[in-house]
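J.: What follows is a structure written as structure tokens; I'll ask about it next.
The values are calculated or read from the model by the stated rules, or taken from the named source; none is laboratory data. Because the structure is a prediction, the values reported are computed rather than measured. Note that each Cβ is placed from the backbone with ideal geometry, even for glycine, and that neighbours are counted across all protein chains shown. Side chains are part of the model used for accessible areas, which takes the heavy atoms of the whole protein and leaves out ligands, DNA and RNA. Shrake-Rupley method; radii C 1.70, N 1.55, O 1.52, S 1.80 Å.
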Amino acid sequence: LNRGCRVCVSGIPPMLSSNRKNASGGIYIDRDEFKQAFSLFDSARKGYITLQDLRSTLSVFDDQLGVNDYKFLMNNKKSLTEDELFKMLCDNQVTIDPVYEAFKYFGVEGKRSVMDMEKMKKVLTNLGIEGITDDDMKIIQDIAGTNSNGELTMDHFKHMLRVDPSAAGSAENPI
């Protein structure tokens, strides 16, 4: 299957497999998944993103980023099309696990290897998912599993990402 920068050799989602590498030894980026991610930043469907698009989306996660941080992320350009950004990121040499790094960022203070369900609910709400009920969070907890303290670990989180979405309900009634 050739959907990304290089030939995809397995059905494992790229973000979940540490052995999926691009030709430079960095993180493999799947074109279809990249398109979905790009659309989060290009919510107006202009076909490009600006520094402001980046700021409005990323501030959900980190409101401490400054203008210079955003300029760096935009490669000092005023706008980037989907293709430009894909080409820029495609041949990377990054060897970190982005899912792990994101999870660590949102982890419980002092215990970066876990996230409590309240923090997970806050992250989902900040992403624009409104009206999350305690029952919704219970479903997430049941699907992902938690440790004995009711916290979501990295392994539980990755398990949740691998689960068939139909296990949590129909497409008309997502979590």
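J.: Test residue 160 against the criterion of being closer than 28 Å to residue 58 by Cβ, modelled with pLDDT of 75 or more and among the aliphatic types (A, V, I, L, M), and give yes or no.
T.: No, not satisfied.
J.: Taking region 131-163 only, how many residues are part of a loop (DSSP other than H, G, I, E, B) and in contact with a strand residue (DSSP E or B) (Cβ under 6 Å, 6 or more places away or on another chain)?
T.: Count: 2.
J.: Would it be correct to say that residue 99 is in contact (Cβ under 8 Å) with a residue 60 or more places away in the chain, closer than 23 Å to residue 149 by Cβ and either in contact with a helix residue (DSSP H, G or I) (Cβ under 7 Å, 6 or more places away or on another chain) or not β-branched (Val, Ile, Thr) (or both)?
T.: Yes, satisfied.
J.: Does region 43-51 include one or more residues that are at pLDDT below 90, within 18 Å of the chain's Cα centre (by Cα) and over 20 Å from residue 158 (Cα atoms)?
T.: Within region 43-51 (the criterion being at pLDDT below 90, within 18 Å of the chain's Cα centre (by Cα) and over 20 Å from residue 158 (Cα atoms)), the answer is yes, since at least one residue qualifies.
J.: If we keep just the residues of region 52-72 that are surrounded by 12 or more Cβ atoms within 10 Å (Cβ to Cβ) and modelled with pLDDT of 85 or more, which is nearest to residue 128 (Cα to Cα)?
T.: The extreme case among them is 57.
J.: Could you please find all residues in region 84-115 being modelled with pLDDT of 80 or more and either open to solvent by less than 50 Å² (accessible area, probe 1.4 Å) or closer than 14 Å to residue 152 by Cα (or both)?
T.: Across region 84-115, the qualifying residues are 85, 86, 90, 114, 115.
J.: Open to solvent by 70 Å² or more (accessible area, probe 1.4 Å), modelled with pLDDT of 80 or more and closer than 15 Å to residue 50 by Cα: does that describe residue 77?
T.: yes
J.: Pairs, please: C-beta under 8 Å, at least 6 apart or cross-chain, first residue under 22 Å from residue 68 (Cα atoms) and in region 78-94, second assigned to a loop (DSSP other than H, G, I, E, B) and of a type in the set (Ser, Thr, Tyr)?
T.: Note: pairs meeting the criteria are 92/24.
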